[in-house]
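K.L.:
What follows is a structure written as structure tokens; I'll ask about it next.
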Amino acid sequence: MPAYNDLGYRSLFAHPEMVRDLVTHFTPFTLFDNVALSSFERVDPVYVSERLAARQSDMVWRVRIGEHVLYVYILLEFQSGVDRWMALRMQSYVGLLCQDLVKRHALSSGLLLPPVLPVVVYNGAPRWSASLDLAALLMEAPAELAPFQPSQRYVLVDQQRLDRAALEANATLLALLFRMELSSASEVRDNVLPALLTWFDDAPQESLRLSVGQWIKHLAQRRGNLESFAFESVEGVADMERKFETWAEEFEDIGFQRGLALAEKARMEGQVTALRGVLGSLLHKRFGDLPQTATQRIGQATQAELEQWFERGLDASSLAAVFGGDPAPA
């Protein structure tokens, strides 16, 4: 079952606003500056499960910049340890993406593969020590064979070690959420949450607000559940347990876990009704006109069912898969 982090962030990065924030403010590249949101199109990475274990948390986006098209591969790495072989894994995922483009005849008129920006978003406690370049994982080859060795690099966004001053100066939604995860409860209450509410007042977007509400819900659950964390050193366990115990106590004091201001605002405005509309729009965009049976199911569903179907709808391969083991709509 996906971890809270995977579910929360996967929902966030299903929105082009969040992907644009990531590549423009947390990578060194400038080519995404001033690119319209309409230029970002999500791609279903279901092909990855053909040969590798399915990674439900991976996100793939197609971005059109002028006359050119490129792909952004976002890999969410929220485990407690560091994967030494990340560069090798990324080479496999990018290779599968390219193979899928060839298979679907989705190349340009020149039949050339598009450029791919591989990004790893990591928020584990240990400092990331894995090589960013596949070349560092290879034995030194004889000079004659060196030109034939594989190469793959990726961009790392190490959330736990982002510069706090730069985050506070960054007014984007993604920066606010990164700050929330890295801040104490009092900092969230006094600084981050008011800024978050102001952001949505200035840019009201119901679908994105619901995803942020789910992300905050997962964050609160993680802060109050120490058993979901595993660390490699005794010192790391002690430090993180003290931090999360403080989080749990402080959030309980200010009523965070009983109802954050953002979640409360969503409920007051009719969260279930809004979620039905968002889910219907998402499924219509992905699968076309919905049959009457599916519309009726959505209209009669509980909030828990709607949330579950929304999560599935982000990357399900068919409408029937959205409803899981339930009787599928015609």
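The values are calculated or read from the model by the stated rules, or taken from the named source; none is laboratory data. Nothing here was measured: the structure is a model prediction, and the numbers come from that model. FYI the Cβ positions are ideal-geometry reconstructions off the backbone, even for glycines, and counts take in every protein chain you see. Ligands, DNA and RNA are excluded from the accessible area calculation, which covers all protein heavy atoms including side chains. Shrake-Rupley method; radii C 1.70, N 1.55, O 1.52, S 1.80 Å.
K.L.:
Identify the single condition in (1) without any contact (Cβ under 8 Å) to a residue 24 or more places away in the chain; (2) part of a loop (DSSP other than H, G, I, E, B) that residue 130 does not satisfy, given that it satisfies every other one.
P.N.:
(1)
K.L.:
Residue 71: aromatic (Phe, Trp, Tyr), within 23 Å of residue 317 (Cα to Cα) and at pLDDT 85 or above, yes or no?
P.N.:
It is true that residue 71 is aromatic (Phe, Trp, Tyr), within 23 Å of residue 317 (Cα to Cα) and at pLDDT 85 or above.
K.L.:
Separate question: For region 271-295, which positions are aliphatic (A, V, I, L, M), under 21 Å from the mean Cα position of the chain (by Cα) and open to solvent by 30 Å² or more (accessible area, probe 1.4 Å)?
P.N.:
282
K.L.:
Could you say whether any residue in region 45-61 is open to solvent by 60 Å² or more (accessible area, probe 1.4 Å), at pLDDT 90 or above and on the phi < 0 side of the Ramachandran plot?
P.N.:
No.
K.L.:
Select from region 296-310 the residues that are under 13 Å from residue 322 (Cβ atoms) and open to solvent by 60 Å² or more (accessible area, probe 1.4 Å) and list them in ascending order.
P.N.:
Listed by number, the residues that qualify are 297, 305, 308.
K.L.:
Moving on. May I ask you to list the residues in region 171-219 that are at pLDDT 80 or above, under 16 Å from residue 11 (Cα atoms) and in contact with a Ser or Thr (Cβ under 8 Å, 6 or more places away or on another chain)?
P.N.:
Hits for region 171-219 are 207, 211, 215.
K.L.:
In addition: Among the residues of region 166-211, how many are open to solvent by 10 Å² or more (accessible area, probe 1.4 Å), among the charged types (D, E, K, R) and under 17 Å from the mean Cα position of the chain (by Cα)?
P.N.:
2
K.L.:
Another question, then. Assess whether residue 161 counts as being under 18 Å from residue 78 (Cα atoms), of a type outside the set (Phe, Trp, Tyr) and in contact with an Asp or Glu (Cβ under 8 Å, 6 or more places away or on another chain).
P.N.:
So residue 161 fails the test.
K.L.:
Which of the residues belonging to region 58-84 are assigned to a loop (DSSP other than H, G, I, E, B) and out of contact with any Leu (no Cβ under 7 Å at 6 or more places or on another chain)?
P.N.:
Result: 66, 67, 78, 79, 80, 81, 82, 83, 84.
K.L.:
May I pose another question? What about residue 265, is it over 28 Å from residue 194 (Cβ atoms), modelled with pLDDT under 85 and open to solvent by 20 Å² or more (accessible area, probe 1.4 Å)?
P.N.:
Spelling it out, it is not the case that residue 265 is over 28 Å from residue 194 (Cβ atoms), modelled with pLDDT under 85 and open to solvent by 20 Å² or more (accessible area, probe 1.4 Å).
K.L.:
Here is a follow-up. Could you check region 92-124 and list, in sequence order, the residues that are part of a helix (DSSP H, G or I) and open to solvent by less than 60 Å² (accessible area, probe 1.4 Å)?
P.N.:
Selection gives 92, 93, 94, 95, 96, 97, 98, 100, 101.
K.L.:
Would you mind stating whether residue 146 is open to solvent by 20 Å² or more (accessible area, probe 1.4 Å) and closer than 26 Å to residue 86 by Cβ?
P.N.:
For residue 146, the condition - open to solvent by 20 Å² or more (accessible area, probe 1.4 Å) and closer than 26 Å to residue 86 by Cβ - is met.
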